[in-house]
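The values are calculated or read from the model by the stated rules, or taken from the named source; none is laboratory data. Fair warning: this is a prediction, and the values are worked out from it, not measured in the lab. Note: ideal-geometry Cβ built from the backbone for every residue, glycine included; neighbour counts use all protein chains shown.
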Amino acid sequence: MPRSNRPRRRPGEQRDEEQDGFDRLLAGWRRVEVRRGVEWNVQPVSAVQAQKSYVCPGCGREIGPGVAHLVAWRADGVMGDAADLAARRHWHTSCWRIA
């Protein structure tokens with residue numbers, strides 16, 4: 001049998017790439033979008049993760065628990081990262097697309 005030059009790992013141990021991918025799945029697929037010249041961080045929230053009710057700023061209607069949606073906040077840091085994160089808003093996916 002030919003010899004394998006791959007490093008061995010213990011059962012249950014994850015490689016760095018696997019851990020990175022796992023962290024990305026837990027954090028969601030955050031991305032940066034530009035809307036009307038402003039950069040926004042956009043992160044989807046799955047129906048399983050949606051635990052509370054929010055009001056969509058696009059249509060003014062409720063986003064109920066168990067409804068998949070998006071969270072958006074400014075990415076340019078004009079007011080500072082903490083203030084931008086505190087000002088994040090939950091949007092219906094369709095409302096965000098047409099905004």
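Hey, any hits in the stretch 22-29 for a residue that's modelled with pLDDT of 90 or more and surrounded by 11 or more Cβ atoms within 10 Å (Cβ to Cβ)?
No, the stretch 22-29 contains no residue that is modelled with pLDDT of 90 or more and surrounded by 11 or more Cβ atoms within 10 Å (Cβ to Cβ).
For Arg89, indicate whether it is at positive phi, charged (D, E, K, R) and without any contact (Cβ under 8 Å) to a residue 60 or more places away in the chain.
No, not satisfied.
Among the residues of the stretch 66-90, write down those that are surrounded by 11 or more Cβ atoms within 10 Å (Cβ to Cβ), more than 19 Å from Gly37 (Cα to Cα) and out of contact with any Phe, Trp or Tyr (no Cβ under 8 Å at 6 or more places or on another chain).
Gly66, Val67, Ala68, Ala83
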